[in-house]
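> Pasting a structure below so you can have a look.
The values are calculated or read from the model by the stated rules, or taken from the named source; none is laboratory data. The shown structure was predicted, so the numbers you read here are calculated from the model rather than taken from an experiment. Cβ sites come from the backbone with ideal geometry, for glycine too, and all protein chains shown count toward neighbours.
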Ligand SMILES: Cc1ncc(COP(=O)(O)O)c(C=O)c1O
């Protein structure tokens, strides 16, 4: 007997992947330029030049036996120290190398952290819309994902919804800001209220609640006035799951880290749990070439001006055609209200106009579709008549 849960997971494709595969077939049929594929969150701007330069230099000047050899399970010490120092100088924290664990991206960071802290039956609260893999990662770590609706009209955090689901089994709250799929950034008030709610609850009930921040889009914010609060400055029991997939346009290279806040009393235990979960899952020694790379280019970000340009163009055009959209302040997604109740039907109709949009049901928010606008500005322009025709088809 195989593990039926895993066999099932391997057989059901996510609706995003399903649509992406459909797009590939459709492009072969009618030509790439005639399909408006907004399905995947694959960065469309190249990695910064500094990445190529650093890689060339590292390869040319490092002993290959060392470069391609194992590092410590939790990552090379000097890499972790450089990142800890960088975080400290940027956010006034006092992290050490031993608060960091290098991973193969945010997906691995999340899986490790959830496995480190969850006992069977523990609950993890998240805010919808949310990244669909949270359910898979939490379930596999023995926990249960409890999704609550985000604030109406803004997709921010609705504290009363969070308070309504806090129980003695609540082990963590998992947030993602800038958010996939809404592009919304949780503001300082959201974070302060969230921290107050979980602190009061855990104090009253003698429980420990961790705040996990999934941050692949931290650097992807478009406007000067948009501030992404750094959770370690607000809450002791906080853990960050970071990734360079989007900030450096390196999703295929699989590199990121976990940072455990050393202000929490039991941080060494939590870090040991992270090391243990990483070991048990076989997620040790993230690729060394890319560990060395992020050490060199720590603080560098891809040119995100194209994403901003795409956001501005798409947002104003869609609103003009009559679509309801909450303005995305970051990431490269837009969550648009479907023009009929059933977003899956709406996404099906969009296909008739060669628009590939992901229905919001899997993100825990039915009635919406996600547009990944990490595409070329030319494609945005070419797609606009299709968006207009789709809207007109409902009039
Ligand atoms: C919200 C969110 N979390 C985690 C991930 C996984 O990212 P990574 O490529 O770093 O594993 C993604 C990828 O799209 C994401 O959107």
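> Consider residue 129 against the criteria (1) more than 15 Å from the ligand (Cβ to nearest atom); (2) closer than 17 Å to residue 363 by Cα; (3) touching a helix residue (DSSP H, G or I) at 6+ places or on another chain (Cβ under 7 Å): it satisfies all of them except one. Which criterion is unmet?
Condition not satisfied by residue 129: (1).
> Restricting attention to the stretch 123-142, does a residue exist that is surrounded by fewer than 21 Cβ atoms within 10 Å (Cβ to Cβ) and more than 30 Å from residue 43 (Cα to Cα)?
Within the stretch 123-142, one or more residues are surrounded by fewer than 21 Cβ atoms within 10 Å (Cβ to Cβ) and more than 30 Å from residue 43 (Cα to Cα).
> Assuming residue 252 fulfils every condition listed in (1) surrounded by fewer than 18 Cβ atoms within 10 Å (Cβ to Cβ); (2) away from the ligand (no atom under 16 Å from the Cβ) apart from one, which condition is it?
(2)
> Could you say which residue among 343, 386, 359 is touching a strand residue (DSSP E or B) at 6+ places or on another chain (Cβ under 7 Å) and either exposed (fewer than 15 other Cβ atoms within 10 Å of the Cβ) or without any contact (Cβ under 8 Å) to a residue 60 or more places away in the chain (or both)?
Result of the check over 343, 386, 359: 343.
> Return the residue satisfying two criteria in turn: it lies in the stretch 225-249 and is in a loop (DSSP other than H, G, I, E, B) and near the ligand (Cβ under 9 Å from one of its atoms), and of such residues it is farthest from residue 44 (Cα to Cα).
Top of the filtered list is 244.
> If you check residue 208 against the conditions, is it more than 14 Å from the chain's Cα centre (by Cα), in a helix (DSSP H, G or I) and outside the structural domain of residue 329 (by TED's automatic domain parsing)?
So residue 208 fails the test.
> Can you find, within the stretch 168-185, the residue that is nearest to the ligand (Cβ to nearest atom) among those that are in a loop (DSSP other than H, G, I, E, B) and touching a helix residue (DSSP H, G or I) at 6+ places or on another chain (Cβ under 9 Å)?
Among residues in the stretch 168-185 that are in a loop (DSSP other than H, G, I, E, B) and touching a helix residue (DSSP H, G or I) at 6+ places or on another chain (Cβ under 9 Å), the one nearest to the ligand (Cβ to nearest atom) is 180.
> So is residue 75 outside any helix (DSSP H, G or I), buried (at least 19 other Cβ atoms within 10 Å of the Cβ) and not assigned by TED's automatic domain parsing to the domain that holds residue 307 or not?
Yes: the conditions hold for residue 75.
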